[in-house]
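Reviewing the structure listed below.
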Amino acid sequence: MATTQVRTRLRLSPHFIIEEFDSKDGERVPAASVPALKELCVHLLEPMRTKYGSCTVNSGHRSVARNANQGGVVNSRHIYHRHPGSVAADVRFDTGTVAQWDASARWRFSNKPRWTSTNRGGVGDYPTKGFIHVDSGPRRNFDGG
């Protein structure tokens with residue numbers, strides 16, 4: 001049986017690779033954002049993946065043009081080069097609901113010392129679109145609609 005190897009620029013954690021977070025218009029994740037992205041993957045997305053199954057990254061890094069096209073805020077955490085120490089991702093999982101993913105992300109940000117000691121962790125739910133937004137910026141919660 002033949003196997004295929006996935007060539008990747010960088011593995012961020014056991015189940016996430018950097019290409020999943022590149023802007024959909026081809027702009028790559030800036031090198032300065034890699035430590036923050038690894039942190040988000042290892043300490044938030046991997047535990048959630050264990051609970052809810054495979055994760056799809058709808059949107060990670062966005063170029064300025066892509067962010068404007070998506071209707072993102074000007075100072076979005078998705079524009080990684082503006083906030084290299086705090087990054088964002090819009091994600092969905094194979095099982096569970098948006099409400100469950102939202103509660104799980106909020107719980108991790110509110111109860112794990114990595115996040116509580118620095119008061120970080122943004123979560124937004126988008127039930128009509130079927131995903132949640134998570135970021136390692138300042139602590140806040142919002143209803144995305």
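Computed values, structure above
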| read-out | value |
| --- | --- |
| Near pairs, Cβ below 7 angstrom, 6+ apart or cross-chain, from segment 60-73 (among the polar types (S, T, N, Q)) to any residue that is assigned to a loop (DSSP other than H, G, I, E, B) | 63/23; 63/25; 63/27; 67/76; 67/78; 67/79; 70/62 |
| Residues (closer than 19 Å to residue 71 by Cα and either without any contact (Cβ under 8 Å) to a residue 24 or more places away in the chain or touching a helix residue (DSSP H, G or I) at 6+ places or on another chain (Cβ under 6 Å) (or both)) located in segment 112-129 | 123, 124, 125, 127, 128, 129 |
| Counted residues, segment 98-111 - those being touching a helix residue (DSSP H, G or I) at 6+ places or on another chain (Cβ under 7 Å) and not small (Gly, Ala, Ser) | 3 |
| Condition met for residue 130 (modelled with pLDDT under 95 and surrounded by fewer than 18 Cβ atoms within 10 Å (Cβ to Cβ)) | no |
| Qualifying position, being of a type in the set (D, E, K, R) and modelled with pLDDT under 95, among 125, 135, 143 | 143 |
| Residue among 63, 76 that alone is touching a strand residue (DSSP E or B) at 6+ places or on another chain (Cβ under 9 Å), small (Gly, Ala, Ser) and within 17 Å of residue 135 (Cα to Cα) | 76 |
| Residue 29 being in a helix (DSSP H, G or I), under 15 Å from the mean Cα position of the chain (by Cα) and of a type in the set (A, V, I, L, M, F, W, C) | no |
| Qualifying residue in segment 25-35 (condition: more than 24 Å from residue 9 (Cα to Cα) and either modelled with pLDDT under 95 or of a type in the set (S, T, N, Q) (or both)) | no |
| Selection status of residue 66, crowded, with 18+ Cβ neighbours inside 10 Å, more than 15 Å from the chain's Cα centre (by Cα) and of a type outside the set (Val, Ile, Thr) | yes |
| Residue list for segment 112-134, filter: charged (D, E, K, R) and under 24 Å from residue 97 (Cα atoms) | 112, 120, 125, 129 |
| Residue in segment 79-90 that is modelled with pLDDT of 95 or more and farther than 21 Å from residue 26 by Cα present | yes |
| Residue among 103, 99 that is at pLDDT 95 or above, surrounded by fewer than 18 Cβ atoms within 10 Å (Cβ to Cβ) and within 17 Å of residue 139 (Cβ to Cβ) | 103 |
| Verdict on residue 16 being aromatic (Phe, Trp, Tyr), in contact with an Asp or Glu (Cβ under 9 Å, 6 or more places away or on another chain) and modelled with pLDDT of 95 or more | yes |
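The values are calculated or read from the model by the stated rules, or taken from the named source; none is laboratory data. Predicted model, so just to flag it, every value in this text is computed and none were measured. When we count neighbours, we look across all protein chains shown, and the Cβ atoms used for this are built from the backbone with ideal geometry, even at glycine.
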